[in-house]
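The values are calculated or read from the model by the stated rules, or taken from the named source; none is laboratory data. Bear in mind that the values here come from a model prediction, so they are computed numbers and not experimental data. Neighbour counts run over all protein chains shown; Cβ positions are idealised from the backbone, glycine included.
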Amino acid sequence: MFNSLRMSMGWVHTWMGLVLGFVLMICFFFGALSVFDREIDRWAIPDTRFEPQPMPSFDEVLKPVFEQLKPHPLDMAATAERVIGPLPDPATMKLESVYAYTTHRDPVLRIGGEFGIPNQPKDPADDHLHVHGWATVNPTTGETLSSDALKIGSEWFYPMHFNLHLTWKMLGYWIVGLAALVMLAALVTGVIIHRKLFSEFFTFRPWKHVLRSSLDLHNITGVVALPFHFFFAFTALVIFASNVYLPLSYTMLKSLHDQHEQLEAERTGLPHDKSGVAAQMASVDAMVAEAKRRWAERDMPGEVGYLFIDHLGDENSYVSIYRAGSDRVALVGEGIHFKASTGEVIREQPPRSVVSSINEFLTGLHLQHFEHWMLRWLYVFGGLMGSICIATGFVLFVEKRKAKHAKACSQGSRIVDALAVTTVTGMVMAALGMLVANRLLPVDLVGKGQWEQNIFWSIWALAFLHAAWRSSPVAKARHNPAWRDQSLLIGMLSLAAVVLNWITTGDHLIKTVFTDTYWAVAGVDLSLLATSLIAFYAAAKLRAPVVEQKKTDTALNRNKQVNAYD
Amino acid sequence: MTEAMWLIAAMMTALLSMGWLALSYESHWQQVFPKSASKPELKRLKAAGWAGLLVSAVCSLVADHPSMAVLVWVMLLALASMTIAMILSRRPTLLRMICPPFFVANA
């Protein structure tokens, strides 16, 4: 055992940080990119490069779109495994509920619905069986977007940061949850082991030895953004606590949950079940107008963020309209519910309770759908600070041990260094390679999105092989040249992405910044250029140790030869 | 526009305050000025730094809804601290600008 608390905490910080640091690196980096996921979507799907739109007319635009909506083949396959007997023909399935969701940054609209099925579940507890359908709609024309066009920001980078795209048994969610928990422990232990938390708050000495300077950078990026790191790790756990990590209401307390659902339906007047009597739907646009009028009356005028209709075509059908939370931290709120057949107001959501407000604030601050561009950039800064903190943690681990490992002929430092290169620069290369592939692959290529995903994983795997192949100097207590190689590649890929965007769409920076301003694409291009510059600068800096190392090696060889002659 | 002005004010005061707080440490003071600082001077800098942070919080609160302002302010503090740390590591003498002689005699 250890002699002091600080040493024990140091052990926890080092080893837990190392093991789950690789996952945390992914969470922080892709989390930072997710702040601008919609903007990355615009970059990746040039057809959607137009101004964000408010929720379109339901009666004129959305109703015909929902009539065309079909069950999604992916969910058909997933549901088929949960039920007894074959599923009915998707063309005959009836929509039971629909939703539409938009934010102040979305030119296109996400819609979806649940289709009822007559099958019985294999697991009796699995009592909410539906097949889901979803689509992305251009609200200006009512056309749906091709499902082959992968939204790289919101459908790839964003889920990567919370489920690693490991969806089997929700494995990715559990790994990320464990990493978030370890992050909290790492923050507490980090504060305990930091000897000069305040006096070195502003200290970074890049001119000192790499061990000292990387420790400075590790400390400073961890400490200055400590509230950010803490709240993001904590709220990540809060967001998934009730439905993934501790789903008590679906397991141990299921009967209580079902009873509560019924009682709440009685209390709120929003019917829990269908009546079985068919009914027509009144104008939803009129309900939207009424909702907006009521919000304005409360001195909080706003746009619709979320629209939901349950029990479609039934007497008990109701329409719920929620205000977009663009001007506050909460996502959506101030719901107003209407009887679908008459358009009369059933219920106006009362002010939130304290507990509900805290929950909304915590989830809202993490999911950040608000319209505050400065805060969005500050979040990117926080995410990058987290990434630097973890990356420098890897460097520290290797630098502290590589001489000792070299003496003992151990490969420990070499393995960690190769994995660090893969997770730091390799991951950035994979993301950039995906963007480059997006611009190079033909727009009408069948399964274009799947190709892009395959390219992403392939580049990442190649980055690992490259890092492992180039890491042999680490086993001799030297520097791994893979860091420099991959930095150079990052510089080139970033530049290539900007140039390819210009060539394939005509949207160069002069156009998107000055003549026909479109900040979503300009922002991504400018960030890519900045990445390129930083990567080339880093590669140039990393050249120095390699050159010095070669000089030392030559000198050593010369000495050896001289000694041999002697 | 007014909101943007208040946010810029919050950012500038956060930066200034973090600069003063950094200079209130003898080690950083010596990176910036050739002469040593007296204890009262360092104390004055620390007090000014904390007061500036409060002003920055007020500017954030004027600019935004309180729930948003608290996030903006906390993140501004992080950005300001990092900026000051980078200035100290690359061009420490730049911080002389934020310490006029009437504020600190040895500046």
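With assigned to a helix (DSSP H, G or I), among the acidic types (Asp, Glu), farther than 30 Å from A:SER283 by Cβ and in contact with a helix residue (DSSP H, G or I) (Cβ under 9 Å, 6 or more places away or on another chain) as the only criterion, which of A:ASP59, A:ASP41, A:ASP47, A:ASP75 stands out? Show your work before the answer.
Details: A:ASP59 fails: farther than 30 Å from A:SER283 by Cβ; A:ASP47 fails: in contact with a helix residue (DSSP H, G or I) (Cβ under 9 Å, 6 or more places away or on another chain); A:ASP75 fails: in contact with a helix residue (DSSP H, G or I) (Cβ under 9 Å, 6 or more places away or on another chain).
Answer to the check: A:ASP41.
Would you call A:LEU87 modelled with pLDDT under 95, among the aliphatic types (A, V, I, L, M), surrounded by fewer than 21 Cβ atoms within 10 Å (Cβ to Cβ) and not in a helix (DSSP H, G or I)? Give the steps one after another, and end with the answer.
Details: modelled with pLDDT under 95: yes; among the aliphatic types (A, V, I, L, M): yes; surrounded by fewer than 21 Cβ atoms within 10 Å (Cβ to Cβ): yes; not in a helix (DSSP H, G or I): yes.
Spelling it out, A:LEU87 is indeed modelled with pLDDT under 95, among the aliphatic types (A, V, I, L, M), surrounded by fewer than 21 Cβ atoms within 10 Å (Cβ to Cβ) and not in a helix (DSSP H, G or I).
Answer yes if at least one residue in the stretch B:56-70 is under 13 Å from the mean Cα position of the chain (by Cα) and either within 14 Å of chain A (Cβ to nearest Cβ) or assigned to a helix (DSSP H, G or I) (or both), and no otherwise. Please lay out each step first, then the result.
Narrowing the stretch B:56-70 to residues under 13 Å from the mean Cα position of the chain (by Cα): B:56-57.
Retained after the next criterion (residues that are either within 14 Å of chain A (Cβ to nearest Cβ) or assigned to a helix (DSSP H, G or I) (or both)): B:56-57.
Yes - at least one qualifying residue is present in the stretch B:56-70.
May I ask you to say which residue of A:GLU360, A:GLU334 is crowded, with 16+ Cβ neighbours inside 10 Å, acidic (Asp, Glu) and within 21 Å of the chain's Cα centre (by Cα)? Write out each step before concluding.
Working: A:GLU334 fails: within 21 Å of the chain's Cα centre (by Cα).
Selected residue: A:GLU360, the only one of A:GLU360, A:GLU334 that is crowded, with 16+ Cβ neighbours inside 10 Å, acidic (Asp, Glu) and within 21 Å of the chain's Cα centre (by Cα).
Those residues that are of a type in the set (A, V, I, L, M), touching a helix residue (DSSP H, G or I) at 6+ places or on another chain (Cβ under 7 Å) and assigned to a helix (DSSP H, G or I), I need them from the stretch A:154-180; list them, please.
Looking only at the stretch A:154-180, we keep the residues that are of a type in the set (A, V, I, L, M), and these are A:160, A:164, A:166, A:170-171, A:175-176, A:178-180.
From the residues that got through so far, the ones that are touching a helix residue (DSSP H, G or I) at 6+ places or on another chain (Cβ under 7 Å) too are A:160, A:164, A:166, A:170, A:175-176, A:178-180.
Listed by number, the residues that qualify are A:MET160, A:MET170, A:ILE175, A:VAL176, A:LEU178, A:ALA179, A:ALA180.
Would it be correct to say that A:PHE198 is at the interface with another protein chain (Cβ under 10 Å from one of its Cβ atoms) and modelled with pLDDT under 95? Before the answer, list the steps.
Working: at the interface with another protein chain (Cβ under 10 Å from one of its Cβ atoms): yes; modelled with pLDDT under 95: yes.
Judged against the criteria, A:PHE198 is a match.
Suppose the filter is surrounded by 20 or more Cβ atoms within 10 Å (Cβ to Cβ) and under 30 Å from A:VAL61 (Cα atoms); does A:ILE152 pass it?
Judged against the criteria, A:ILE152 is a match.
Can you report the number of residues in the stretch B:25-50 which are touching a helix residue (DSSP H, G or I) at 6+ places or on another chain (Cβ under 6 Å) and either away from every other protein chain (no Cβ under 12 Å) or more than 15 Å from B:THR93 (Cα to Cα) (or both)?
Restricting attention to the stretch B:25-50, the residues satisfying the condition of being touching a helix residue (DSSP H, G or I) at 6+ places or on another chain (Cβ under 6 Å) are B:28-29, B:31-32, B:37, B:45, B:48-49.
Next, from what is left, pick out any that are either away from every other protein chain (no Cβ under 12 Å) or more than 15 Å from B:THR93 (Cα to Cα) (or both): B:37, B:45, B:48-49.
The number of residues fulfilling the criteria is 4.
Go through the stretch A:461-477 residue by residue and tally those that are surrounded by fewer than 19 Cβ atoms within 10 Å (Cβ to Cβ) and farther than 14 Å from A:GLN411 by Cβ.
Matching residues across the stretch A:461-477 total 4.
Checking the structure you have, find out if any residue of the stretch A:375-384 is more than 24 Å from the chain's Cα centre (by Cα) and either assigned to a loop (DSSP other than H, G, I, E, B) or at pLDDT 95 or above (or both). Break it down into steps so the answer makes sense when it comes.
If we filter the stretch A:375-384 for residues that are more than 24 Å from the chain's Cα centre (by Cα), which is where we start, we get none.
No, the stretch A:375-384 has no match at all.
Report, by residue number, each residue of the stretch A:208-227 that is within 8 Å of chain B (Cβ to nearest Cβ) and surrounded by fewer than 17 Cβ atoms within 10 Å (Cβ to Cβ).
Correct list: A:PRO227 only.
Pick from A:VAL137, A:VAL83: which is touching a residue at least 24 places away in the same chain (Cβ under 8 Å) and within 21 Å of A:ALA520 (Cβ to Cβ)? Give the steps one after another, and end with the answer.
On the way: A:VAL83 fails: within 21 Å of A:ALA520 (Cβ to Cβ).
Among A:VAL137, A:VAL83, only A:VAL137 is touching a residue at least 24 places away in the same chain (Cβ under 8 Å) and within 21 Å of A:ALA520 (Cβ to Cβ).
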